[in-house]
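Note sheet for the following structure.
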Amino acid sequence: MITTSGMALVVFVFATILMLVQGLQQTLVQTGFEDNLIVIRRASGSEVQSGIDRYQASIIETDSAVASGSDGERFLAKEMVVLITLPKKGHAGSSNVTLRGVTKKSLELRPQVKLVKGRMPNAGSTEIITGQSLVRRFDGVNIGESIRFGKRDWTVVGAFDAGSTGFNSEIWGDSDQLMQAFRRPVYSSVLFRLRDHDDFDAVKVRLESDPRLTVDIKREARYYEEQSEVMAKFLRILGISITVIFSLGAIIGAMITMYTSVANRIGEIGTLQALGFQRTSILGAFLVEALLLGLAGGITGLVFASLMRFVKISTVNFQTFSELEFGFALSFEIVCMVLAFALIMGFAGGVLPAIRASRMNIVDALRES
Amino acid sequence: MERKNPIVQIKHVSKSYRRGSQIVPVLNDITVDINEGEFLALMGPSGSGKSTLLNLIAGIDRVDSGSILVDGVEITGLVETELANWRANHVGFVFQFYNLIPVLTAFENVELPLLLTRLTRKERKKHVEIALAAVNLSHRLAHYPAQLSGGEQQRVAIARAVVTDPTILVADEPTGDLDRKSAEEIMDLMDGLNRELGKTIIMVTHDPRAAQKAYVIRHLDKGVLNDVHHQNSV
């Protein structure tokens, strides 16, 4: 029982770390839309560090690969991203929040983002809308409230839901107003919809080799995937280190249980051998028992880990320096990996006791009974 | 009395144990035949080597020198896996402390040795029921060892020993853990197996009452077989 609980704990830790990484990646990958291309300053890595001036933005805007919207206008948004700090709900501290200056095409370019309350900010006004996960975690961001940043007061006029994507942790306002407030002469990024899905390579070569531009161009999905890489790697290394240390304990626990189990059944082992059961059968029986022990721990741990899907956590993404909320995601691969891990633990703990059981001298074993 | 064939032939068998750096001789050049259908009681003081001799005959221990033939098979020449197969087919064990598997019912305990045979589930069921009926336990099939008295447990063990119809039945102090009444029942049962079914039984015992049921009594002392008593003509 204790052994199974110990194994369940290790499996729980292992599973939750994998689920966390999966959740983080899902959140960031879902943030991006496959046919959207994002243009940022070359080698800047993320929107926060990027800068694209109005001249460069207009060159991109007139490229033939940019799709046209239903209204005939270019399907493109010149956006600005800055970080501001906001006080967290229920905490003394504050955290970084991504503030995105958007244009009227921004929402249309991101079908996963939907206005759920209030309205969009009017152009030229000091109005903002806030992501739903932000509303849960920060003070003063509900509709009707106002926040002070960039030496102005900004009124919240709407709330948007972006599902489990990174946008859900952002504040959006009018791009031109925000640029003035923060005295920034340049945009952070240009986002546009590709006219034809297969045009990507051509447009990438054309824009990246244009001598007037010094930009990187990426598919939006790929861009957000990259944003999660460092953090995912960190979580994975941390998680695997913890799991390895914990699992050594669990394997020793399993070994003690199995040795005890062998010791308690020496008489039975001797009897079975006397009745003509082969040593390999006895080895197999104890190994199966150890594997079942591991499996029981694995399933228990997995059940508890799956409850973690209802928990959301938020943390600062190292690459964008802004607060991001994400959850634990369970996938079929994770279930397989975790169960395989549990079986390996059971096997590692059971193999030596099982060998001891099978090598036992019959006469000595019978005498013990 | 009709002379029967020897079913167990023990030739110049010696066996010693190592206790730390000391070598303790247990059996010293034993040569004896046990006839088919014989009921032999091996008696002697503790440490005389009677259990060791029984273990050697049953193929769960190895001789240092000499040979043992059972029904024409030289078991001293068999390798580990062959010996295990041979035990499964030719030896029935009855132990002092019954050695039933506590998590299995009486039925399952008796069925255990049959799992090593090619019998179908249906055939196994039939064999088990016959064996348990022979020891008057047909009404206790589904009981676990802990729910049975000592005497009943030993009867289950006897049913387990005979269910495969083995060549020889070996019993190590079968009445050693029982009260007198249960001990008598067990001995009557063994007597019946010997007389009615012709089973060859080799029994180690301290109990002179138990030995009374045997046809031949042999005394072992300090590793040497002494006298032979014939009684109770078969």
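The table for this structure:
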quantity	calculated
Peptides A:132-139, A:107-114 ordered by average Cβ neighbours within 10 Å, highest first	A:132-139, A:107-114
Reduction of at least 50 Å² in accessible surface, 1.4 Å probe, comparing all protein chains with the chain by itself, residues of the stretch B:29-65	B:Ile60
Between the stretch B:18-35 and the stretch A:1-63, the Cα center-to-center distance that results, in Å	77
Rounded, prolate or oblate (a/c below 1.5 giving rounded, otherwise prolate when a/b exceeds b/c) for the protein assembly as shown by Cα gyration tensor	prolate
Net dipole in debye of chain A [+1 Lys, Arg Cβ; -1 Asp, Glu Cβ; about Cα centre; nearest 20]	720
Lys/Arg +1, Asp/Glu -1 at C-beta; the stretch A:36-193 dipole; positive extreme among A:Ser46, A:Val135, A:Pro87	A:Pro87
Value at 222 nm in deg cm²/dmol, rounded to 500, when DSSP H runs of n ≥ 4 in chain B each add -39,500 (n - 2.57)	-9500 deg cm²/dmol
Degrees between helix A:2-31 axis and first principal axis of chain A (Cα, 0 to 90, nearest 10)	20
Given charges at beta-carbon only (K, R positive; D, E negative), |dipole| of the stretch B:99-234 in Debye	480
Selection from B:Ala146, A:Leu20, A:Gly276 lying farthest towards where the dipole of the protein assembly as shown points positive, charges on Cβ	A:Leu20
Apportionment of accessible area to carbon and sulfur, the stretch A:36-193, percent (1.4 Å)	49
Rg over Rh, two decimals, the stretch B:1-42 (C-alpha only, Kirkwood Rh)	1.19
Computed magnitude of the charge dipole of the stretch A:36-193 (debye, nearest 20; Cβ of K, R +1, Cβ of D, E -1)	340
Most mobile of A:Ala92, A:Ala250, A:Ala57 in a GNM of chain A (Cα contacts under 10 Å)	A:Ala92
Between 0 and 90°, nearest 10: helix A:220-264 axis offset from chain A longest Cα axis	10
Pairs of Lys in the stretch A:36-193 closer than 26 Å at Cα, counting only those 8 or more apart or on different chains	16
Inter-part distance where the stretch A:218-296 and the stretch B:118-169 are each reduced to a Cα centre, Å	39
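The values are calculated or read from the model by the stated rules, or taken from the named source; none is laboratory data. Model, not experiment: these values are computed from the prediction. Reconstructed Cβ throughout: ideal geometry from the backbone, glycine too, with neighbour counts over all protein chains shown. Side chains are part of the model used for accessible areas, which takes the heavy atoms of the whole protein and leaves out ligands, DNA and RNA. Shrake-Rupley method; radii C 1.70, N 1.55, O 1.52, S 1.80 Å.
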